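Okay, so here's the structure we're looking at.
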Amino acid sequence: MGTALLITAVLVLAVGTAVNGCPPSDRAALLAFKAALHEPYLGIFKSWTGADCCKKWYGISCDPTTKRVADINLRGESEDKIFLKAHRPGYMNGTISPAICKLTRLSSVIIADWKGISGIIPPCITSLPFLRILDLIGNQISGEIPYDIGKLSRLTVLNIADNRITGRMPRSIANLSSLMHLDLRNNLISGTIPINFGKLRMLSRALLSGNRIYGPIPYTISYIYRLSDLDLSLNRISGSVPESLGRMAVLATLNLDGNMITGKLPATLMNSSISILNLSRNAIEGNIPDVFGPRSYFMMMDLSYNNLKGPIPKSIASASYIGHLDLSHNHLCGAIPAGSWFEHLEAASFLNNDCLCGKPLKSC
């Protein structure tokens, strides 16, 4: 009887230990992940000791019920006391080990701003069914976006900006039905924007600037009714600006500068919810539409370095507000309209046109 009680006590203790600490398989996966990285200055991995990876392992959080690893949060630019004490941002090199994919209950992976982490995004990352955040900004990661990225049906944030990602945006990216924030800025991504991009109905920010993306702006983008910030600047986008962008209910920022966009300026943009509009350094032609009105409220409107001609429309004086206006380096001609908010504008806003005149330039 004593032996039976002893066995029972040992079993209870074993079960209790399993529930109270992270599973050995999760601990082993984290140690394999750590082994592929080298962090020489801050010693953030010194806390990764002991049997329980849920207990005071820097940057690791676990589900309180299952004790499975739920979050990896490692930022090289942080206000954590480790960084403040060292008086420096972090630096880490190495690669992201596929061992991370053995952490099957991961909800967020943030391995950001380490400057030296290279290699590829492990393709197996798309097998993590609970992943909501993938943030790898500010490294040297190369290779392509996994072709089946669309399998991550719970993903709300995909941020791989400021890396060396190549290849095209996979068509499956449009299957990320929960995606709200997409940031691919400053990579080497090429190809066209997938025509099915408009399926991303939950998307509020699409930041794709500083790549090698070419081809037209898909009209399907206007189907994304939650989209408030669209940045396609500094790419090789061609074709015209879809009129439908000006009819989007909440689009507030539209940056298309530094592309190869042609065609005319859609009248819809002048009377929309857009408050920051940058179309500079393209090849847009024709007149500025004379459709401004009380709904026209621009914190910034930059149409410089295009092929716009004709007069500055008189209706621009009826806009509710225009904070910064740049119409320089076009072929505009005629009198600059008078308007209360025009008074703060400098001559630089109108320079290098064919024959503009009036305040703040020389009188007509």
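The values are calculated or read from the model by the stated rules, or taken from the named source; none is laboratory data. Since the model is a prediction, treat every value here as computed from it, not as a measurement. Ideal geometry is used to build each Cβ from the backbone, glycine not excepted, and the neighbour counts take in all protein chains shown. Accessible surface is based on the protein model in full, side chains and every heavy atom, while ligands, DNA and RNA are left aside. Shrake-Rupley method; radii C 1.70, N 1.55, O 1.52, S 1.80 Å.
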Counting just the residues of segment 34-58 that are without any contact (Cβ under 8 Å) to a residue 60 or more places away in the chain and outside any loop (DSSP other than H, G, I, E, B), which one comes out farthest from TYR91 (Cα to Cα)? SER47
Complete set of residues in segment 203-232 that are within 22 Å of THR156 (Cβ to Cβ) and part of a strand (DSSP E or B): ARG205, ALA206, LEU207, ASP229, LEU230, ASP231
The condition of being of a type outside the set (Lys, Arg), more than 23 Å from SER272 (Cβ to Cβ) and buried (at least 19 other Cβ atoms within 10 Å of the Cβ) holds, among LEU345, LEU356, LEU361, LEU351, only for LEU356
Return only the number of the condition from (1) in contact with a strand residue (DSSP E or B) (Cβ under 8 Å, 6 or more places away or on another chain); (2) on the phi > 0 side of the Ramachandran plot that LEU200 does not satisfy. (2)
Within the set of pairs 6+ apart or on separate chains, which have a first residue in segment 80-108 that is aromatic (Phe, Trp, Tyr), a second that is in a strand (DSSP E or B), and C-beta atoms under 9 Å apart? PHE83/ARG75; TYR91/LYS115; TYR91/GLY116
Confirm whether GLY76 is buried (at least 19 other Cβ atoms within 10 Å of the Cβ) and under 18 Å from ALA36 (Cβ atoms). yes
Single residue of segment 213-227 satisfying the filter (farther than 20 Å from SER190 by Cβ and of a type outside the set (Ser, Thr, Tyr)) that is most open to solvent (accessible area, probe 1.4 Å): ARG226
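Given ALA28, ALA36, which one is small (Gly, Ala, Ser), over 31 Å from the mean Cα position of the chain (by Cα) and closer than 23 Å to ILE120 by Cα?
From the options ALA28, ALA36, the qualifying one is ALA28.
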Breaking point among (1) touching a Ser or Thr at 6+ places or on another chain (Cβ under 6 Å); (2) modelled with pLDDT of 95 or more, for PRO294: (2)
Could you please tell me which pairs satisfy a Cβ distance under 6 Å, a separation of 6+ or placement on different chains, a first residue in segment 271-299 that is in contact (Cβ under 8 Å) with a residue 12 or more places away in the chain and closer than 24 Å to ILE237 by Cα, and a second residue that is aromatic (Phe, Trp, Tyr) and open to solvent by less than 30 Å² (accessible area, probe 1.4 Å)? SER275/PHE298
When residues of segment 1-22 are limited to those that are open to solvent by less than 70 Å² (accessible area, probe 1.4 Å) and either within 27 Å of ILE82 (Cβ to Cβ) or β-branched (Val, Ile, Thr) (or both), the one modelled with the lowest pLDDT: GLY21
For segment 58-73, what are the residues that are exposed (fewer than 15 other Cβ atoms within 10 Å of the Cβ) and among the β-branched types (Val, Ile, Thr)? THR65, THR66
Residue check for TYR214: aromatic (Phe, Trp, Tyr) and within 26 Å of LEU136 (Cα to Cα): yes
Out of the strands (runs of 3 or more DSSP E) lying entirely within segment 94-196, which hold 1 or more residues that are open to solvent by 20 Å² or more (accessible area, probe 1.4 Å) and small (Gly, Ala, Ser)? 115-118
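Which residues, taken from segment 59-93, are among the small types (Gly, Ala, Ser) and in a loop (DSSP other than H, G, I, E, B)? Spell out the reasoning first.
Here is the first cut: in segment 59-93, the residues among the small types (Gly, Ala, Ser) are 59, 61, 70, 76, 78, 86, 90.
The answer is GLY59, GLY76, SER78, GLY90.
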